[in-house]
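The values are calculated or read from the model by the stated rules, or taken from the named source; none is laboratory data. All values derive from a computational prediction rather than experimental measurement. Note that we place each Cβ from the backbone using ideal geometry, even for glycine, and neighbour counts take in every protein chain shown.
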Amino acid sequence: MSEIPTILKKLEGTSEYQILTEIEAAYERIAKEQNEWYEKSGFLCPYGCGECCSHFEPDLMVSEALYMGAWLLEHQPVIAQSVAEDKFPFYAMEHCQFFDSEAQYHCSIYGGRPFICRLFGASGARSKTCELVWKPCRFYPSEQLAKHDPPLKHRQYSSKELMQVFGTLPPDMEALMAGTDADTVLLRDILPKIIRHLLYIIGMNDNGSDNPNGTPNGFAA
Ligand code: SF4
């Protein structure tokens, strides 16, 4: 079931609708493959870690930004409106604009997060020889890796080693991102424009008769 049903309904017949449904399908594929990896490997991020969101802000493709904007409009319309006006909920130079350091799980836009945040730490990459390889996240505490059975280190593991250690392989990042756009823009620079664009399209598409979640019409990008 879609996480953005109201917004999709408002965008029916537009190219944005098409992009959003394709991105959502890709995110669902990632979740399915990662759940299988988590179940079989038993290897999870440390509870409430959030280190990968500190000193980091994702760059977004237009399609990811559209999904993030649509998700905000669906679930947090007041914040979406504020972002459209260039005001972010957790503004800081040094970390992601949606990183809530006080919250248990830190990401305040979890359902709308982009590819990198979904794949980081729980997907494999291709080596120069095209082999699927994997490294534990660099923020994973060494002492916790050492307690794993068998003990792990901060180094690259080959497919053969992964099968020996976990009995399975992680999702293939390259395959999951096949066909996506290469051009990206920093989240804080693209998201306000994208939300203004979505509001404009929604306003045009429904003639302003009934706004989703009380969001205003008429914002041009
Ligand atoms: S979108 Fe969420 S998961 Fe991604 S960097 Fe920001 S706070 Fe972290």
Item checked: Subset of the range 87-128 (residues that are touching a helix residue (DSSP H, G or I) at 6+ places or on another chain (Cβ under 6 Å), assigned to a loop (DSSP other than H, G, I, E, B) and more than 10 Å from the ligand (Cβ to nearest atom)) -> Pro89, Ala122, Ser123
Note to self: Considering only the range 43-61, I want to know if a residue exists there that is more than 15 Å from the ligand (Cβ to nearest atom), crowded, with 17+ Cβ neighbours inside 10 Å and farther than 21 Å from Ala182 by Cβ.
What the structure shows: yes
Notebook entry, point to check: Any chance the range 4-26 includes a residue that's within 15 Å of the ligand (Cβ to nearest atom), surrounded by fewer than 19 Cβ atoms within 10 Å (Cβ to Cβ) and either in contact (Cβ under 8 Å) with a residue 40 or more places away in the chain or not polar (S, T, N, Q) (or both)?
Noted result: no
Item checked: Enumeration of residues in the range 107-165 that are more than 27 Å from Leu20 (Cβ to Cβ), touching an Asp or Glu at 6+ places or on another chain (Cβ under 8 Å) and either among the basic types (Lys, Arg) or buried (at least 18 other Cβ atoms within 10 Å of the Cβ) (or both) -> Gly124, Arg126, Leu132
Item checked: Positions within the range 40-78 being over 20 Å from Tyr105 (Cα atoms), part of a helix (DSSP H, G or I) and either charged (D, E, K, R) or out of contact with any Phe, Trp or Tyr (no Cβ under 9 Å at 6 or more places or on another chain) (or both), in sequence order -> Lys40, Val62, Ser63, Glu64, Ala65, Leu66, Gly69, Ala70, Leu73, Glu74, Pro77, Val78
Note to self: Return the residues of the range 129-139 that are within 30 Å of Leu72 (Cβ to Cβ) and either under 13 Å from the mean Cα position of the chain (by Cα) or more than 14 Å from the ligand (Cβ to nearest atom) (or both); say none if nothing qualifies.
What the structure shows: Arg138
Margin query: Residue pairs, Cβ under 9 Å, 6 or more apart or interchain, first in the range 139-156 and under 18 Å from Ala122 (Cα atoms) and outside any loop (DSSP other than H, G, I, E, B), second at pLDDT 95 or above and basic (Lys, Arg). List them.
Written below: Ser142/Lys153; Leu145/Lys153
